[in-house]
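So the structure is just underneath, and the comments pick up after that.
The values are calculated or read from the model by the stated rules, or taken from the named source; none is laboratory data. Not measured: the values here are computed from a predicted model. Ideal geometry is used to build each Cβ from the backbone, glycine not excepted, and the neighbour counts take in all protein chains shown.
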C-alpha cells in the first residue's frame, strides 16, 4: 500500500526559494502557492532547489521539485535521478513525471504499462493532473487518429484550417502556449528565449517535431493554400536571405542549397542547418525508436493545425516565431524579443553594464521576471516594459502599479 510522504520531516521550518520557484500547484505536499509548468523560471529554480538540497539532502519535496525542473529543462536523465529519490521516499507526485518520461520515451524506450502504473501512483498521492494524463495516454491512439495526415491529404487540411482560422482581425494577437503539445518550445521561439530552447533541445525528440513542422509549412503547403495566406514563405527575398545566411554552412558541405531551392522548402533549410550544424548527431539516437518518431510527428501535426487555426502565416505571431527559429538555427541573436524574455534580456544587460556578474544578473533578472508572472502583470504591459525598459521611471511605474510587486522585486536584490 502506497502512502503519501508528509513533508514535515527532514525539512526547513519555513518555505524556501525552492518552494517559491518550483512547487507544483497540484502537489498536496507543497509549501508555497506553486507555479505551473509553463510559467516556471527554470534557471533560478534549479539553483534554489540545489541549494535547498545541499542544506536538507533528505527532503523528498525538494528532490521532487528539482526533478520537475530538470524534466522541464529537457534533462531527462538528471530528472530521473532526482525523481526516483523522491519516489523511493514515497513522495507520490514524483511518479507523474516519471510516468511522462516513460510514456514519451525521451530516454529511448517507451513503456506504457509502467507509465500507467506510475500515473496511478501519482493519483493515489493526490496529484490530480495525473488522472487526466493517464486518460490521455490510454486514449492517445484514438486521439492521434483524428489528426488529418497532411502528407496524404494536404488540400483537405489547408481548406479546413484556413476556414477555421477566420479573419485576421479575429485571430489572437499574441502567442499563448495553451493547448499545444510543445507550447513551451513555441513560446520560447516566439519570445526569443534561446536559453530555454537550448535546455529543451537536450530532449532530442524535438528535432523530429521541428522537422515535421517544417515539412508542413513547405512550398507544397503554399501552393495549395487557397487564400494565399502563406505566401510569406514563398517570397524571393526570404529565400535569398536564408541562402545568404546558410553560406557558411554550405561551404562546409553541410547542406545542398540547390536541392533545397529546387524543393522550394524555405523553412526546411533552417532546420537542416540546425540538424547538420548545431546538432549533427541528432538522428543517431532518434532512429532507434520509430514509435517515438511517429508520436512526435503526430504532435507536430496537431500543433501545426492549431497554428494555422489561431494565427495564420501572415500574423506577427507566426512571422516572429519562424524568424526566431531561423535566428536560432544560424546561431545569432533573436530577431524579435518580447514578453518576460525581453525584460530578462534588458535587465541582465543593464545589470552587467553596471558591474554585476553574469550569474548574479541572471538570478536577479530571472527573479524579477518570475515575480511579474506570479503577480499577473498584464501581457500588454509586460510587452510595453520590454520595449521601453529602464531601471528607473518605466520600471518603477509598472512595479508600483501592482500590489506587493515592488516589495517582491526589492527582495530579489537580497
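Considering each residue of segment 50-71, count those that are crowded, with 22+ Cβ neighbours inside 10 Å and part of a helix (DSSP H, G or I), and give that number.
13
Just checking, which of 397, 348, 408 is free of Cβ contacts under 8 Å to residues at least 40 places away in the same chain, closer than 19 Å to residue 192 by Cα and in a helix (DSSP H, G or I)?
Result: 348 is the single residue among 397, 348, 408 that is free of Cβ contacts under 8 Å to residues at least 40 places away in the same chain, closer than 19 Å to residue 192 by Cα and in a helix (DSSP H, G or I).
Only one of (1) at pLDDT below 95; (2) surrounded by fewer than 22 Cβ atoms within 10 Å (Cβ to Cβ) fails for residue 44. Which number is that?
The single condition residue 44 does not satisfy is (2).
Those residues that are assigned to a loop (DSSP other than H, G, I, E, B) and within 24 Å of the chain's Cα centre (by Cα), I need them from segment 76-102; list them, please.
Of everything in segment 76-102, just one residue is assigned to a loop (DSSP other than H, G, I, E, B) and within 24 Å of the chain's Cα centre (by Cα), namely 93.
Only one of (1) in contact with a helix residue (DSSP H, G or I) (Cβ under 6 Å, 6 or more places away or on another chain); (2) on the phi > 0 side of the Ramachandran plot fails for residue 348. Which number is that?
Among (1) in contact with a helix residue (DSSP H, G or I) (Cβ under 6 Å, 6 or more places away or on another chain); (2) on the phi > 0 side of the Ramachandran plot, residue 348 violates only (2).
Among 55, 116, which is in the same structural domain as residue 32 (by TED's automatic domain parsing) and more than 25 Å from residue 17 (Cβ to Cβ)?
116
Looking only at segment 121-135, filter to residues that are over 22 Å from the mean Cα position of the chain (by Cα) and free of Cβ contacts under 8 Å to residues at least 40 places away in the same chain; which one of those is nearest to residue 91 (Cα to Cα)?
122
Out of the residues in segment 351-378 that are touching a helix residue (DSSP H, G or I) at 6+ places or on another chain (Cβ under 6 Å) and without any contact (Cβ under 8 Å) to a residue 24 or more places away in the chain, state the one that is nearest to residue 42 (Cα to Cα).
Applying the filter and picking the extreme gives 365.
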